[in-house]
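The values are calculated or read from the model by the stated rules, or taken from the named source; none is laboratory data. On a predicted model such as this, the values are computed, not experimentally measured, just so you know. Virtual Cβ from ideal backbone geometry, glycine too; neighbours counted across all protein chains shown. Please note that ligands, DNA and RNA were not included when accessible areas were found on the heavy atoms of the full protein model with its side chains. Shrake-Rupley method; radii C 1.70, N 1.55, O 1.52, S 1.80 Å.
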Amino acid sequence: MRLEILSKSTNESFARVVVAAFASQLDPTIEELSDIKTAVSEAVTNAIIHGYEYNEGIVIIESTIEGNRIEIVVEDKGKGIDDIKKAMEPFYTSKPDLERSGMGFTVMETFMDELIVESQLGNGTRVKMAKVFHSLVDKE
Amino acid sequence: MRLSTNIVKDYLIVAFEGELDHHTTEEARMKIDSLYYDNNLSNMILDLRKLNFMDSSGIGLIMGRYRNCKERQGDISIVNTNPSVERILRMSGLLKIINMYSNIEEAIDGKRGE
């Protein structure tokens, strides 16, 4: 599945609903689905606020399913992250004036099983996340 | 997202309905702050029972309102019964500084009991 959206905040809910619909073929629990929606929302919001800094750009969302594992990639071609380690620290935000909680990456890490963040200044950011659906494993 | 507000004594009661994300927090923040300051209120109750989605933008919104209430020596509490909303609230540590109740009456009584 591949989805390209304009970096507008109205598209955040659209992006998470599309990924949730794609994930639903794995018959996830309500909690698993909610985790995925939240993680996607965080990644897309980051792309809009930090990647493109509210300027117009394209956010690319790709998702694949293999067995009982879903992989989701959220990519922007925005400004990139200078210090990924720092950006991932809980409560750290580069935009405190916007009342951001600084919890975005922490939420993604907590709600997903894997999280890899790649970024290059001036070239954008790629967030790769994966989750294994235990609801399916338990049934088998 | 729908926001309904109610003022009871010096409490601003804000009921959220729908999805609270980056997009919807912007409008909620302006509406809550203008009611809170224009009516010179000190306490706030955030009713999240009808939220079916919240991400860390919602955490940021609540943290900001917490700061505003503390600045005025007021109190802020959360009313919530939704497990997925509770999960992110707990994860963020917000529930260590803000009390959570299952209904509005309890939230008001809880404050009186302190």
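Between A:Val17 and A:Asn55, how many nm apart are label points set 7 Å from Cα along the C-beta direction?
Inter-label distance under the simple model: 3.0 nm.
So how far apart, in nm, are the two label points at A:Asp82 and B:Asn52 if each is 7 Å from Cα heading toward Cβ?
That separation, rounded to one decimal, is 4.2 nm.
Would you tell me the accessible area of A:Tyr92, worked out with a 1.4 angstrom probe on the heavy atoms of the protein chains, in Å² to the nearest 10?
80
In terms of modelled amide H atoms, which long-range or inter-chain residues lie less than 5 Å from the amide H of B:Lys50?
Amide H neighbours of B:Lys50, under 5 Å, 5+ apart: B:Phe16.
Give me the net charge for the shell around A:Gln120: Cβ to Cβ below 11 angstrom, other residues only, Lys and Arg +1, Asp and Glu -1.
Net of charged neighbours comes to +1.
Connecting C-alpha atoms closer than 10 Å in a GNM of chain A, tell me which of A:Glu53, A:Glu99, A:Glu31 has the biggest fluctuation.
It is A:Glu99.
Considering only the protein assembly as shown, what is the antiparallel percent among its DSSP beta bridges, to the nearest 5?
70
Please report the buried accessible area for the interface of A with B, total over both chains, probe 1.4 Å, in Å² to the nearest 100.
The summed interface area works out to 2000 Å².
How big, in percent, is the set of alpha carbon pairs in the protein assembly as shown lying more than 33 Å apart?
Working: 6967 of 32131 pairs.
Percentage above 33 Å: 22.
How long is the gain from A:Glu4 to A:Phe91 if the chain were fully straight, where each residue apart is worth 0.36 nm and the alpha carbon distance is subtracted?
Stretched fully, the A:Glu4-A:Phe91 segment lengthens by 28.4 nm.
What FRET efficiency comes out for B:Arg2 versus B:Ser34 if R0 is 22 angstrom and r is the Cβ-Cβ distance? Round to the nearest 0.05.
Once rounded, the FRET efficiency stands at 0.80.
What's the carbon and sulfur percent of the protein assembly as shown's accessible surface, probe 1.4 angstrom, rounded to a whole number? Each step should come with its number before you reach the end.
Numbers: 5780 of 11990 Å².
Of the solvent-accessible surface of the protein assembly as shown, carbon and sulfur hold 48 percent.
Run the 1.4 Å probe and let me know the accessible area of B:His23, rounded to the nearest 10 Å².
The value for B:His23 is about 70 Å².
Calculate one ³J(HN,Hα) per residue across segment B:98-103 by plugging θ = phi - 60° into the Karplus curve 6.51 cos²θ - 1.76 cosθ + 1.60, and present them in order as whole Hz with x for glycine and proline.
Coupling constants for segment B:98-103: 10, 6, 10, 10, 9, 8 Hz.
Whole number in Å², please: accessible area per residue of segment B:2-109, 1.4 Å probe, ligands, DNA and RNA not counted.
Working: 4790 Å² over 108 residues.
Spelled out: the 1.4 Å probe surface of segment B:2-109, per residue, equals 44 Å².
Suppose the Debye formula is applied to equal point scatterers at every Cα of segment A:25-140; what is log10 I(q)/I(0) at q = 0.11, 0.13, 0.15 Å⁻¹?
Summing over Cα pairs of segment A:25-140 leads to -0.37, -0.50, -0.65.
Per residue of B:49-57, what is the mean number of Cβ atoms on other protein chains within 10 angstrom of that residue's Cβ? Don't jump to the answer; show the numbers that get you there.
Numbers: counts 0, 0, 0, 2, 7, 3, 15, 15, 12.
Counting Cβ atoms of other protein chains within 10 Å of each residue's Cβ and averaging gives 6.
Tell me, what is the percent relative contact order of chain A, built from C-alpha pairs under 8 Å that lie six or more residues apart?
Rounded, it is 27 percent for chain A.
Counting pairs of alpha carbon atoms under 8 Å apart in space and at least six apart in sequence, what relative contact order in percent does segment B:2-109 give?
Worked out over segment B:2-109, it gives 25 percent.
Dimensions of chain B along principal axes (Cα, Å, largest first)?
On the principal axes, chain B reaches 30, 28, 21 Å in Cα extent.
For segment A:67-140 and segment B:1-26, compute the distance between their C-alpha centroids and round to whole Å.
Result: 28 Å between the Cα centres.
Using the basic label-point model (7 angstrom from Cα toward the beta carbon), what is the B:Asn82 to B:Lys9 distance in nanometres?
The modelled label-to-label distance comes out at 2.8 nm.
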